[in-house]
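Taking it in order: structure first as structure tokens, then the write-up.
Any read-out appearing in this document is the output of simple, stated calculations on the displayed coordinates, not a laboratory observation. Every value quoted in this text rests on a predicted model; they were computed, and no experiment measured them. Using ideal geometry, Cβ is built from the backbone for each residue, glycine included, and neighbour counts are taken over all protein chains shown.
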Amino acid sequence: GQTLVAKVPGNANTGFFSKSDFALDPEAQRCVCPAGESATRRVAQKDGGALYQFDRTVCGACPLRDRCVKGRGGRSVREHPQEALIQAARARQQSPQGRLDRARRQVVEHRLARLVQLGIRQARYVGRAKTLFQFLMAAAVANLTLLANQDLAKAVAQAALETAAGTSGLLVGL
């Protein structure tokens, strides 16, 4: 089958430990903080997720408190209903395969953006055949522009190499 690959949003918790710094195990229903303490309470949510709460006495005595929690209470960490899938997607995103996927996605996104610039966001004609014709014309223009730019880049690179070779030949002949 097909594997859906999508960018997983990061955990923003500016100035404090993020959710990814906690060892969250949805299967064992356990959450361990960066200091090694386990959550004392797990509250199931209506959406299927959970909220792990750390005791405020434990957090109050922790040497990492300034980097973990702001208020007087203990830290809490929310478990998404699909947390296991999100963790697997994050791991894939950090893997070498994930970096290849990101590079390939960037190429595709740039091509789609170019097609949007050429007007495929809105059909100019009525009917499938004419709309398909508009799309194919935009794709042909995008592809021809790409080829022309590649040929131009090769020509510039070749001219630079010839200039450099000619210059170095002159310097050697002196």
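The loop-placed chymotrypsin sites (Phe, Trp or Tyr not before Pro) in segment 67-139, going by DSSP, that have at most 11 neighbouring Cβ atoms within 10 Å of their Cβ come out as Tyr125.
For segment 1-72, the ratio of Cα radius of gyration to the globular rule of thumb 2.2 N^0.38 Å stands at 1.30.
If you put +1 on each Lys and Arg Cβ and -1 on each Asp and Glu Cβ, how big is the dipole of the chain around its Cα centre, in Debye rounded to 20? List each step's numbers first, then the result.
Values: 26 positive and 13 negative charges, 127 e Å.
Approximately 620 debye in magnitude.
Only helices enter this figure: runs of n ≥ 4 DSSP H residues, each worth -39500 (n - 2.57), summed and divided by the residues of the chain, yield -17500 deg cm²/dmol at 222 nm to the nearest 500. In the chain the Cα-Cα distances spread across 5 Å bins starting at 0 as 1, 7, 10, 10, 9, 9, 8, 7, 7, 7, 7, 7, 5, 3, 1, 1, 0 percent of all pairs.
As an exercise, identify the trypsin sites (Lys or Arg not before Pro) in segment 1-105 lying in DSSP coil whose Cβ has no more than 13 other Cβ atoms within 10 Å.
Lys7, Lys46, Lys70, Arg72
The amide H of Asp55, built 1.01 Å from its N in the peptide plane, has Thr40 as neighbours under 5 Å, considering only residues 5 or more places off or on other chains.
Seen through its C-alpha gyration tensor, with square-root eigenvalues sorted a ≥ b ≥ c, segment 72-126 comes out prolate because a/c lies at 1.5 or above while a/b is bigger than b/c.
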